[in-house]
Amino acid sequence: MKNQDIFQRAQESIPGGVNSPVRAFKSVGGTPRFIAKANGAYIWDVEGTQYIDYLGSWGPAIVGHSHPEVVKAVQDAAVNGLSFGAPTEGEVILAEKICALLPSIEQVRLVSSGTEATMSAIRLARGATNRRKIIKFEGCYHGHSDSLLVKAGSGLLTFGNPSSSGVPQEFVSHTIVLEYNNLDAVQQAFNEVGNDIACVIVEPIAGNMNLIKPKAGFLEGLRELCTQHGALLIFDEVMTGFRAGPKGVQGLTGIKPDLTTLAKVIGGGMPVGAFGGRKDIMQHIAPMGAVYQAGTLSGNPVSVAAGLKTLEILNRPGFYEQLSATTATLVKGLKEKAAKHGVTFSADSVGGMFGIYFRSEVPTTFAEVQESDTKAFNVFFHAMLDEGVHLAPSAFEAGFVSACHNEEILTKTFDA
Ligand code: PLP
């Protein structure tokens, strides 16, 4: 079977031609690689071509693909019975583990995706504060229901087109969309409508703008303003949780959000999401409080088993030190390699994620991200793909490193 043939079939049966990264591939052009097999740091497409993988399933594959211990945990859980929807101890153990690892989380609810986690957290924030408005930032992505939050036609999303979200204006007009890293704008919004702001949701390091870090004082300022005005601060750590560092960005910065959303790594490649935070806020969830929350597949034993095993592996001594060092070495090597292809870029990394920008400086706002030369990125992406290295097929998204990207894999990446 050829990649091209499957691609054609996909156009017929699936609107948009399949999920990411096929969708994302449209931005770089060419035929997406349909992955038939993945192991460690490698993926193989349906034509049998092997690639070193820096897409990492868009984040979850932090211990590498098909880690034998994760596979065994999943197999055992499946053999023990697929009692979805009935309570299992695994759900409780995963919840306890998340609470133990992230001090800002006193209680947590499991869901099945990052989108579900962020939308549930926003709903909870509105219910808990009895306020309507939310503040979000340009270029920060909070899931495919993000378009529900943004004014139709504003064109502010990195993904999708809000004007085609099909959502009537009155449902989205309570979202205030501000520039990332611009604390003055947040202060102004609070001055104007502070008593109706339920929450501020932010990617504390924005992996959906490739990789933008908060300027000094930005997250601290958000924390202060939220506390001052009785709004809740939500860190969307779906991408950064247990990937930017052992305690996510909140661990790196010491800033405590009221609510946190997680997914990707906590499912070890299986569908698990979570939102959690202060007990007094979480207590608004039914049956104790008024905010309804449920999900047929939430906390299902197979996904939970994968998540638990993954968290166990990445909490072994030295895991994050090695991951961060590998990512930094990769970025340096990629820069040198790009120079051989006649292109230069700026880059940044944290933990097991990295961003490369085809502009002279690492950006700090969405507008600056958009100045990145996408044509140069596309040329580099395809040059790497031809050499057997699969980067994330988008000039605007982070790349991911796993524990399997050891020295040998890095050398192969640079020598290819
Ligand atoms: N929030 C952030 C920061 C994300 O990066 C993503 C996905 O990439 C989501 C939310 C949505 O998660 P999911 O794709 O699991 O629905």
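Computed from the coordinates by the stated procedures, all read-outs in this text should not be read as laboratory data. Here the structure is a predicted model, which is why all the values come from computation and not from measurement. All Cβ positions, glycine included, derive from the backbone under ideal geometry; neighbour counts span all protein chains shown.
Just need the relative contact order of the stretch 68-314 here, percent rounded to a whole number, with Cα pairs under 8 Å and 6+ apart.
30 percent.
Modelled label-to-label distance, Asn406 and Glu192, 7 Å Cα→beta-carbon offset: nm?
According to this spin-label approximation, the distance is 5.6 nm.
Going Cα to Cα from Lys264, which aspartates and glutamates come in below 16 Å? Please leave out same-chain ones fewer than 8 positions away.
Glu116, Glu203, Asp236, Glu237, Glu312, Glu397
Between Ala286 and Ala325, 0.36 nm times their residue separation minus their Cα-Cα distance comes to what?
Taking Ala286 through Ala325 to full extension adds about 9.6 nm, to one decimal.
Give me the base-10 log of I(q)/I(0) for the chain at each q in 0.06, 0.14 Å⁻¹, Debye formula, one uniform scatterer per Cα, rounded to two decimals.
For the chain at q = 0.06, 0.14 Å⁻¹, log10 I(q)/I(0) is -0.23, -1.36.
Evaluate E = 1/(1 + (r/R0)^6) for Lys215 and Glu12, where r is the Cβ-Cβ distance and R0 equals 45 Å; express this FRET efficiency to the nearest 0.05.
0.45
If you project the alpha carbons of the stretch 68-314 onto the principal axes, what extent comes out on each, in Å, largest first?
Largest first, the stretch 68-314 extends 56, 37, 35 Å along its Cα principal axes.
Mind checking the full-extension length gain between Ile93 and Ala78? Use 0.36 nm per residue of separation minus the Cα-Cα distance, one decimal, nm.
3.7 nm
Quickly work out the Ala416-to-Glu387 label distance, labels modelled 7 Å from Cα along the C-beta direction, and quote it in nm with one decimal.
0.8
Considering only C-alpha atoms, what is the centroid distance from the stretch 184-225 to the stretch 247-274, in Å?
Centre-to-centre distance over Cα atoms comes out at 18 Å.
What nm value, rounded to one decimal, do you get for the distance between Glu312 and Arg132 when each label is placed 7 Å out toward the C-beta?
5.0
What net charge do the residues around Asn195 carry, taking every other residue with its C-beta under 15 Å from that of Asn195, with Lys and Arg at +1 and Asp and Glu at -1?
+2
Using 24 Å as the Cα-Cα cut-off, could you pick out the over-long pairs in Lys72/Lys332; Lys213/Lys332; Lys213/Lys335?
Among Lys72/Lys332; Lys213/Lys332; Lys213/Lys335, the Cα-Cα distance tops 24 Å for Lys72/Lys332.
Given a cut-off of under 8 Å on Cα pairs at least six residues apart, what relative contact order in percent is computed for the chain?
23
Which residues in the stretch 352-392 place their backbone N less than 14 Å from a point set 7 Å from the Cα of Thr344 along the Cα-to-Cβ direction?
It comes to 357-362, nothing else.
Under the 0.36 nm per residue contour assumption, what length would be gained going from the current alpha-carbon distance of Glu336 and Thr296 to full extension?
Going from the current span to full extension adds 9.5 nm.
Please find the FRET efficiency linking Gln50 to Asp5, where r is the Cβ-Cβ separation and R0 is fixed at 25 Å, and quote it to the nearest 0.05.
0.80
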